[in-house]
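The values are calculated or read from the model by the stated rules, or taken from the named source; none is laboratory data. Note that the structure is predicted; figures quoted are calculated from it, not measured. For neighbour counting, all protein chains shown are included, and Cβ atoms are generated from backbone atoms with ideal geometry for every residue, glycine included. Just the protein is used for accessible areas: all its heavy atoms, side chains included, with ligands, DNA and RNA removed. Shrake-Rupley method; radii C 1.70, N 1.55, O 1.52, S 1.80 Å.
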Amino acid sequence: RAKEFAEQAWCLYAPKMQEQEELKQYLINHLDEAIERHYLQVYYQPVIRTLTGRLCSAEALIRWIDPDKGMLSPGDFIPLFEEKNLSYKVDRYVIQEVTKLLRDRIENGQTVVPVSINFSRADFQMMNPLEELNQAILKNHLRRSLIHVEITESALAKDVEGLKNSIHDFRQAGYQVWMDDFGSGYSSLNYLKNFEFDEIKLDMIFMRNFDEASKTILKACVRMAKALGIHTLAEGVENKEQLDFLREIGCERIQGFYYSRPLPSNDFFKMVAEKSIEAEEWEQSKFYQE
Ligand code: C2E
Ligand code: MG
Ligand code: MG
Ligand code: MG
(Lines give C-alpha, C1' and ligand atoms only; values in the text may rest on other atoms or scores of the structure.)
(Ligands and ions follow the chains in the order given, each with its own letter.)
Protein backbone atom coordinates (compact mmCIF):
# COMPACT_ATOMS: atom_id res chain seq x y z
CA ARG A 1 0.00 0.00 0.00
CA ALA A 2 2.83 2.30 0.75
CA LYS A 3 4.17 1.70 -2.72
CA GLU A 4 0.80 2.44 -4.24
CA PHE A 5 0.60 5.65 -2.30
CA ALA A 6 4.10 6.62 -3.29
CA GLU A 7 3.26 6.09 -6.95
CA GLN A 8 0.13 8.15 -6.65
CA ALA A 9 2.01 10.92 -4.93
CA TRP A 10 4.68 10.76 -7.59
CA CYS A 11 2.09 11.16 -10.32
CA LEU A 12 0.68 14.19 -8.56
CA TYR A 13 3.93 15.93 -7.89
CA ALA A 14 6.29 14.74 -10.58
CA PRO A 15 5.15 17.02 -13.41
CA LYS A 16 5.39 20.10 -11.24
CA MET A 17 8.77 19.11 -9.88
CA GLN A 18 10.04 18.32 -13.30
CA GLU A 19 8.86 21.69 -14.54
CA GLN A 20 10.72 23.40 -11.72
CA GLU A 21 13.87 21.46 -12.44
CA GLU A 22 13.62 22.39 -16.10
CA LEU A 23 13.18 26.06 -15.27
CA LYS A 24 16.21 25.94 -12.97
CA GLN A 25 18.31 24.36 -15.68
CA TYR A 26 17.04 26.90 -18.18
CA LEU A 27 18.00 29.79 -15.90
CA ILE A 28 21.47 28.42 -15.24
CA ASN A 29 22.07 27.80 -18.94
CA HIS A 30 20.79 31.18 -20.05
CA LEU A 31 22.23 33.48 -17.38
CA ASP A 32 25.17 34.74 -19.43
CA GLU A 33 22.97 35.33 -22.45
CA ALA A 34 20.36 37.12 -20.34
CA ILE A 35 23.05 39.46 -19.02
CA GLU A 36 24.50 40.08 -22.46
CA ARG A 37 21.13 40.78 -24.04
CA HIS A 38 19.86 42.84 -21.09
CA TYR A 39 17.00 40.50 -20.32
CA LEU A 40 18.11 41.25 -16.79
CA GLN A 41 16.82 44.68 -15.87
CA VAL A 42 17.27 46.81 -12.79
CA TYR A 43 14.06 48.20 -11.28
CA TYR A 44 14.02 50.99 -8.71
CA GLN A 45 11.81 51.38 -5.66
CA PRO A 46 11.67 54.65 -3.71
CA VAL A 47 12.77 54.86 -0.10
CA ILE A 48 10.85 57.58 1.72
CA ARG A 49 11.67 59.62 4.78
CA THR A 50 8.80 58.98 7.17
CA LEU A 51 8.59 62.47 8.65
CA THR A 52 8.57 64.43 5.41
CA GLY A 53 7.20 61.94 2.87
CA ARG A 54 10.11 62.79 0.61
CA LEU A 55 12.19 60.38 -1.39
CA CYS A 56 15.67 59.90 0.05
CA SER A 57 17.03 57.02 -2.05
CA ALA A 58 16.06 54.07 -4.23
CA GLU A 59 16.64 50.34 -3.98
CA ALA A 60 17.90 48.51 -7.05
CA LEU A 61 15.88 45.30 -7.56
CA ILE A 62 16.64 42.94 -10.39
CA ARG A 63 14.10 41.43 -12.82
CA TRP A 64 14.60 38.90 -15.59
CA ILE A 65 12.36 39.71 -18.51
CA ASP A 66 12.64 36.62 -20.61
CA PRO A 67 11.36 36.44 -24.20
CA ASP A 68 10.04 32.91 -23.55
CA LYS A 69 9.22 32.78 -19.86
CA GLY A 70 8.01 36.35 -19.33
CA MET A 71 8.79 38.41 -16.22
CA LEU A 72 10.72 36.52 -13.58
CA SER A 73 11.17 38.00 -10.12
CA PRO A 74 14.36 37.65 -8.10
CA GLY A 75 12.68 35.04 -5.91
CA ASP A 76 12.63 32.78 -8.98
CA PHE A 77 16.36 32.89 -9.61
CA ILE A 78 18.40 34.62 -6.88
CA PRO A 79 18.16 31.75 -4.34
CA LEU A 80 19.07 29.30 -7.12
CA PHE A 81 22.07 31.36 -8.21
CA GLU A 82 23.15 31.80 -4.62
CA GLU A 83 23.12 28.04 -4.20
CA LYS A 84 25.14 27.57 -7.40
CA ASN A 85 27.56 30.40 -6.58
CA LEU A 86 26.38 32.37 -9.62
CA SER A 87 24.72 35.33 -7.92
CA TYR A 88 27.92 37.32 -8.30
CA LYS A 89 27.23 37.53 -12.03
CA VAL A 90 23.89 39.19 -11.38
CA ASP A 91 25.30 41.56 -8.79
CA ARG A 92 28.29 42.52 -10.89
CA TYR A 93 25.82 43.36 -13.64
CA VAL A 94 23.68 45.40 -11.24
CA ILE A 95 26.75 47.37 -10.12
CA GLN A 96 27.58 48.15 -13.73
CA GLU A 97 24.04 49.03 -14.77
CA VAL A 98 23.35 51.28 -11.77
CA THR A 99 26.62 53.21 -11.96
CA LYS A 100 26.33 53.62 -15.73
CA LEU A 101 22.77 54.90 -15.47
CA LEU A 102 23.77 57.42 -12.80
CA ARG A 103 26.73 58.58 -14.89
CA ASP A 104 24.59 58.98 -18.01
CA ARG A 105 22.06 61.03 -16.10
CA ILE A 106 24.73 63.26 -14.60
CA GLU A 107 26.24 63.82 -18.04
CA ASN A 108 22.84 64.84 -19.35
CA GLY A 109 22.35 67.25 -16.47
CA GLN A 110 19.58 65.12 -14.95
CA THR A 111 19.00 64.55 -11.26
CA VAL A 112 20.32 61.45 -9.55
CA VAL A 113 19.43 59.88 -6.21
CA PRO A 114 21.40 57.53 -3.98
CA VAL A 115 20.81 53.89 -4.85
CA SER A 116 21.17 50.84 -2.63
CA ILE A 117 22.41 47.58 -4.12
CA ASN A 118 21.73 44.11 -2.71
CA PHE A 119 24.61 41.72 -2.22
CA SER A 120 24.28 38.03 -1.54
CA ARG A 121 26.60 36.28 0.82
CA ALA A 122 27.58 33.92 -1.98
CA ASP A 123 28.96 36.88 -3.97
CA PHE A 124 31.81 37.20 -1.51
CA GLN A 125 33.11 33.73 -2.40
CA MET A 126 33.40 34.57 -6.08
CA MET A 127 34.33 38.23 -6.25
CA ASN A 128 35.33 41.14 -4.09
CA PRO A 129 32.16 43.29 -4.09
CA LEU A 130 34.01 46.25 -2.60
CA GLU A 131 36.66 46.17 -5.34
CA GLU A 132 34.00 45.85 -8.05
CA LEU A 133 32.06 48.73 -6.62
CA ASN A 134 35.14 50.92 -6.26
CA GLN A 135 36.12 50.26 -9.85
CA ALA A 136 32.67 51.06 -11.20
CA ILE A 137 32.47 54.23 -9.10
CA LEU A 138 35.87 55.36 -10.30
CA LYS A 139 35.19 54.56 -13.94
CA ASN A 140 31.98 56.56 -13.85
CA HIS A 141 33.38 59.43 -11.80
CA LEU A 142 30.84 58.99 -9.03
CA ARG A 143 31.24 59.47 -5.33
CA ARG A 144 30.70 56.72 -2.84
CA SER A 145 27.91 58.56 -1.05
CA LEU A 146 25.75 57.75 -4.07
CA ILE A 147 25.73 53.98 -3.44
CA HIS A 148 24.53 52.12 -0.36
CA VAL A 149 25.12 48.43 0.27
CA GLU A 150 22.40 46.03 1.47
CA ILE A 151 23.32 42.73 2.99
CA THR A 152 20.69 40.22 4.03
CA GLU A 153 20.68 39.17 7.57
CA SER A 154 20.55 35.45 6.84
CA ALA A 155 23.82 35.96 5.00
CA LEU A 156 25.42 36.74 8.31
CA ALA A 157 24.93 33.25 9.68
CA LYS A 158 27.98 31.92 7.85
CA ASP A 159 31.51 33.15 8.22
CA VAL A 160 30.70 35.84 10.72
CA GLU A 161 34.28 37.12 10.99
CA GLY A 162 34.74 37.45 7.24
CA LEU A 163 31.57 39.39 6.80
CA LYS A 164 32.27 41.58 9.77
CA ASN A 165 35.50 42.61 8.07
CA SER A 166 33.76 43.20 4.74
CA ILE A 167 31.20 45.47 6.36
CA HIS A 168 33.96 47.34 8.13
CA ASP A 169 35.84 47.75 4.83
CA PHE A 170 32.74 49.01 2.98
CA ARG A 171 32.20 51.63 5.65
CA GLN A 172 35.84 52.63 5.78
CA ALA A 173 35.65 53.13 2.03
CA GLY A 174 32.71 55.50 2.45
CA TYR A 175 29.65 53.39 1.65
CA GLN A 176 26.67 53.14 3.93
CA VAL A 177 25.87 49.54 4.84
CA TRP A 178 22.31 48.47 5.57
CA MET A 179 21.22 45.19 7.09
CA ASP A 180 18.37 43.76 5.02
CA ASP A 181 15.41 41.76 6.36
CA PHE A 182 16.13 42.38 10.02
CA GLY A 183 13.94 40.27 12.27
CA SER A 184 13.58 37.31 9.95
CA GLY A 185 15.58 34.14 9.64
CA TYR A 186 18.76 34.04 11.61
CA SER A 187 18.12 37.25 13.51
CA SER A 188 20.37 37.86 16.37
CA LEU A 189 20.35 40.98 18.43
CA ASN A 190 24.03 40.37 18.83
CA TYR A 191 24.54 41.39 15.19
CA LEU A 192 23.51 44.90 16.02
CA LYS A 193 26.40 45.13 18.40
CA ASN A 194 29.00 43.24 16.40
CA PHE A 195 28.45 44.56 12.89
CA GLU A 196 28.78 48.23 12.08
CA PHE A 197 25.53 48.77 10.22
CA ASP A 198 24.38 52.28 9.41
CA GLU A 199 20.78 51.19 9.08
CA ILE A 200 18.58 48.15 9.59
CA LYS A 201 15.69 47.31 7.29
CA LEU A 202 12.92 45.80 9.36
CA ASP A 203 11.59 42.77 7.57
CA MET A 204 8.32 42.90 5.67
CA ILE A 205 6.95 40.09 7.80
CA PHE A 206 5.93 42.63 10.47
CA MET A 207 3.83 44.53 7.94
CA ARG A 208 2.30 41.43 6.44
CA ASN A 209 1.15 40.38 9.89
CA PHE A 210 0.54 43.81 11.38
CA ASP A 211 -0.87 42.76 14.75
CA GLU A 212 -0.22 43.92 18.30
CA ALA A 213 2.72 41.57 18.75
CA SER A 214 4.38 42.82 15.55
CA LYS A 215 3.85 46.40 16.62
CA THR A 216 5.45 45.71 19.99
CA ILE A 217 8.47 44.15 18.30
CA LEU A 218 8.80 47.01 15.82
CA LYS A 219 8.64 49.56 18.57
CA ALA A 220 11.32 47.76 20.59
CA CYS A 221 13.57 47.35 17.54
CA VAL A 222 13.38 51.02 16.67
CA ARG A 223 14.13 52.05 20.24
CA MET A 224 17.02 49.66 20.56
CA ALA A 225 18.51 50.63 17.21
CA LYS A 226 18.22 54.28 18.08
CA ALA A 227 20.00 53.73 21.40
CA LEU A 228 22.82 52.04 19.47
CA GLY A 229 23.02 54.85 16.94
CA ILE A 230 21.62 52.76 14.07
CA HIS A 231 18.96 54.10 11.69
CA THR A 232 15.77 52.18 10.91
CA LEU A 233 13.72 51.56 7.79
CA ALA A 234 10.51 49.54 7.52
CA GLU A 235 9.96 47.43 4.41
CA GLY A 236 6.66 46.38 2.87
CA VAL A 237 4.56 49.37 3.96
CA GLU A 238 1.25 49.08 2.13
CA ASN A 239 -1.19 51.35 3.91
CA LYS A 240 -1.64 54.56 5.85
CA GLU A 241 -2.28 52.84 9.15
CA GLN A 242 1.20 51.29 8.96
CA LEU A 243 2.76 54.56 7.90
CA ASP A 244 1.16 56.46 10.79
CA PHE A 245 2.31 53.86 13.29
CA LEU A 246 5.87 53.91 11.99
CA ARG A 247 5.98 57.67 12.14
CA GLU A 248 4.71 57.58 15.71
CA ILE A 249 7.40 55.14 16.88
CA GLY A 250 10.14 57.11 15.14
CA CYS A 251 11.06 54.71 12.34
CA GLU A 252 12.96 57.02 10.03
CA ARG A 253 12.42 55.57 6.59
CA ILE A 254 9.87 53.44 4.82
CA GLN A 255 9.62 51.53 1.61
CA GLY A 256 6.58 49.84 0.16
CA PHE A 257 3.74 49.66 -2.31
CA TYR A 258 1.93 52.43 -0.38
CA TYR A 259 4.30 54.82 -2.14
CA SER A 260 5.38 52.87 -5.16
CA ARG A 261 6.24 49.48 -6.55
CA PRO A 262 9.69 48.93 -8.00
CA LEU A 263 9.73 50.58 -11.46
CA PRO A 264 11.90 50.48 -14.57
CA SER A 265 14.48 53.28 -14.43
CA ASN A 266 12.59 55.47 -16.95
CA ASP A 267 9.37 55.34 -14.99
CA PHE A 268 11.16 55.81 -11.70
CA PHE A 269 12.98 58.96 -12.77
CA LYS A 270 9.88 60.25 -14.56
CA MET A 271 8.04 59.98 -11.27
CA VAL A 272 10.80 61.93 -9.56
CA ALA A 273 10.95 64.56 -12.31
CA GLU A 274 7.17 65.04 -12.27
CA LYS A 275 7.28 65.22 -8.49
CA SER A 276 4.52 62.71 -7.93
CA ILE A 277 6.97 61.77 -5.22
CA GLU A 278 9.08 64.72 -4.24
CA ALA A 279 12.77 64.00 -3.71
CA GLU A 280 14.95 65.57 -1.08
CA GLU A 281 17.11 68.38 -2.29
CA TRP A 282 20.70 67.41 -2.67
CA GLU A 283 23.62 69.37 -3.83
CA GLN A 284 23.96 67.18 -6.93
CA SER A 285 27.64 67.99 -7.37
CA LYS A 286 28.47 66.11 -4.19
CA PHE A 287 27.52 62.91 -6.01
CA TYR A 288 30.14 63.04 -8.73
CA GLN A 289 33.64 64.00 -9.69
CA GLU A 290 34.49 65.87 -12.84
P1 C2E B 1 14.68 42.71 -0.46
O2 C2E B 1 16.04 43.23 -0.74
O3 C2E B 1 14.26 42.62 0.96
O4 C2E B 1 13.71 43.62 -1.33
C5 C2E B 1 12.43 43.98 -0.95
C6 C2E B 1 11.38 43.14 -1.67
O7 C2E B 1 10.11 43.51 -1.19
C8 C2E B 1 11.34 43.36 -3.18
O9 C2E B 1 10.96 42.13 -3.77
C10 C2E B 1 10.19 44.37 -3.31
O11 C2E B 1 9.59 44.36 -4.59
C12 C2E B 1 9.26 43.87 -2.26
N13 C2E B 1 8.35 44.90 -1.75
C14 C2E B 1 8.60 46.22 -1.58
N15 C2E B 1 7.54 46.86 -1.06
C16 C2E B 1 6.58 45.92 -0.87
C17 C2E B 1 5.23 45.97 -0.36
O18 C2E B 1 4.72 47.00 0.05
N19 C2E B 1 4.54 44.79 -0.33
C20 C2E B 1 5.09 43.63 -0.76
N21 C2E B 1 4.34 42.53 -0.71
N22 C2E B 1 6.35 43.56 -1.26
C23 C2E B 1 7.09 44.69 -1.31
P24 C2E B 1 11.71 41.56 -5.04
O25 C2E B 1 12.10 42.66 -5.96
O26 C2E B 1 10.89 40.43 -5.56
O27 C2E B 1 13.06 40.99 -4.41
C28 C2E B 1 13.04 39.92 -3.53
C29 C2E B 1 14.40 39.70 -2.93
O30 C2E B 1 15.33 39.28 -3.93
C31 C2E B 1 15.03 40.97 -2.35
O32 C2E B 1 14.52 41.23 -1.07
C33 C2E B 1 16.49 40.60 -2.33
O34 C2E B 1 16.78 39.80 -1.21
C35 C2E B 1 16.60 39.77 -3.59
N36 C2E B 1 17.11 40.63 -4.68
C37 C2E B 1 16.46 41.49 -5.47
N38 C2E B 1 17.31 42.09 -6.35
C39 C2E B 1 18.54 41.59 -6.08
C40 C2E B 1 19.85 41.81 -6.63
O41 C2E B 1 20.09 42.62 -7.55
N42 C2E B 1 20.89 41.09 -6.08
C43 C2E B 1 20.67 40.21 -5.04
N44 C2E B 1 21.75 39.55 -4.56
N45 C2E B 1 19.48 39.99 -4.50
C46 C2E B 1 18.42 40.67 -5.01
MG1 MG C 1 17.15 44.73 -0.14
MG1 MG D 1 14.31 43.10 2.67
MG1 MG E 1 15.16 39.84 1.06
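For region 142-161, a tally of residues being away from ligand 1 (no atom under 14 Å from the Cβ) and touching a helix residue (DSSP H, G or I) at 6+ places or on another chain (Cβ under 7 Å) returns 5.
Taking G109, is it farther than 20 Å from R63 by Cβ, in contact (Cβ under 8 Å) with a residue 12 or more places away in the chain and of a type in the set (G, A, S)? Against the criterion (farther than 20 Å from R63 by Cβ, in contact (Cβ under 8 Å) with a residue 12 or more places away in the chain and of a type in the set (G, A, S)), G109 does not qualify.
When I151, I78, I48, I65 are checked against the criterion of being outside any helix (DSSP H, G or I), within 16 Å of ligand 3 (Cβ to nearest atom) and modelled with pLDDT of 95 or more, a single residue qualifies: I48. Among residues belonging to region 233-250 that are surrounded by fewer than 14 Cβ atoms within 10 Å (Cβ to Cβ) and touching a residue at least 12 places away in the same chain (Cβ under 8 Å), point out the one that is farthest from I48 (Cα to Cα). By that ranking, first place goes to E241. The set of residues from region 62-84 being more than 16 Å from V94 (Cβ to Cβ), hydrophobic (A, V, I, L, M, F, W, C) and surrounded by 13 or more Cβ atoms within 10 Å (Cβ to Cβ) comprises just one member, L80. Tell me, please, whether a residue that is of a type in the set (V, I, T) and either away from ligand 3 (no atom under 15 Å from the Cβ) or within 26 Å of N134 (Cα to Cα) (or both) can be found in region 251-259. No, region 251-259 contains no residue that is of a type in the set (V, I, T) and either away from ligand 3 (no atom under 15 Å from the Cβ) or within 26 Å of N134 (Cα to Cα) (or both). The lone criterion from (1) among the aliphatic types (A, V, I, L, M); (2) surrounded by 18 or more Cβ atoms within 10 Å (Cβ to Cβ); (3) under 20 Å from R121 (Cα atoms) left unmet by I230 is number (3).
Quick check on region 35-45: of everything there that is part of a strand (DSSP E or B) and among the aliphatic types (A, V, I, L, M), which residue is least open to solvent (accessible area, probe 1.4 Å)?
Among them, the one singled out is L40.
Among the candidates L192, L233, the residue that is in contact with a strand residue (DSSP E or B) (Cβ under 8 Å, 6 or more places away or on another chain) and modelled with pLDDT of 95 or more is uniquely L233. Selection of region 125-148 for residues being assigned to a helix (DSSP H, G or I) and of a type in the set (A, V, I, L, M, F, W, C) yields M126, L130, L133, A136, I137, L138, L146. Within the option set Y88, Y93, being open to solvent by 30 Å² or more (accessible area, probe 1.4 Å), in contact (Cβ under 8 Å) with a residue 12 or more places away in the chain and assigned to a helix (DSSP H, G or I) holds for one residue only, Y88.
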